[in-house]
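Encoded as structure tokens, the structure appears first; notes follow it.
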Amino acid sequence: MEQSETSDVVFMPDRREWWETVDPARLNEDARYRILAYAVEKYGRKRVREEAGISRVTLWRLLERKSPVKPEYVKPLLKLLSREEFERLVTARERLKALGIVRDDGTIDYSLALEILAIAKEDEYLRNALLRFVVQEFRDDLKKMLGISLQA
């Protein structure tokens, strides 16, 4: 357990595999289909059927988009993907939804977002990227707030 001296936020390290944190039910149908199709392309129909526990007919129906790709079919397939492959297949917004950061109604879990920012301040690269983003995207707001001129 880590706690910075300037923060009341306590961080518990997450020892789970990346795919264990993903809720496929929160991914849209298109994202689940992309994961299925990629797994079939990379590992073949037989391996995908075995991992997902589905029949040949069911797999055919899924690939032909005659049936929806259910979350329970996708969850075991996530183990076959690297985190980078998952990130290429699923948009950032979809990933944030699947991780529970963005709710179904589009709102953000603010406590989780603040925890992420607290962690980010400890990483020099991420801290600098975040500061550049804030200055670039909120320049006028910062000028008003700070009462100063920010040069380009």
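The values are calculated or read from the model by the stated rules, or taken from the named source; none is laboratory data. All values derive from a computational prediction rather than experimental measurement. Cβ coordinates were reconstructed from backbone atoms using ideal geometry, including for glycine residues, and neighbour counts include every protein chain displayed.
Given L117, L126, L62, which one is touching a helix residue (DSSP H, G or I) at 6+ places or on another chain (Cβ under 8 Å) and in the same structural domain as D23 (by TED's automatic domain parsing)?
L62
Quick test of your reading of the structure: K79 fulfils all but one of (1) in contact (Cβ under 8 Å) with a residue 60 or more places away in the chain; (2) closer than 14 Å to L27 by Cα. Name the failing condition by number.
It fails just one condition, (2).
Would you mind stating whether D105 is closer than 21 Å to E20 by Cβ and acidic (D, E)?
No.
Within 23 Å of R16 (Cβ to Cβ), of a type outside the set (A, V, I, L, M, F, W, C) and without any contact (Cβ under 8 Å) to a residue 24 or more places away in the chain: does that describe G53?
For G53, the condition - within 23 Å of R16 (Cβ to Cβ), of a type outside the set (A, V, I, L, M, F, W, C) and without any contact (Cβ under 8 Å) to a residue 24 or more places away in the chain - is met.
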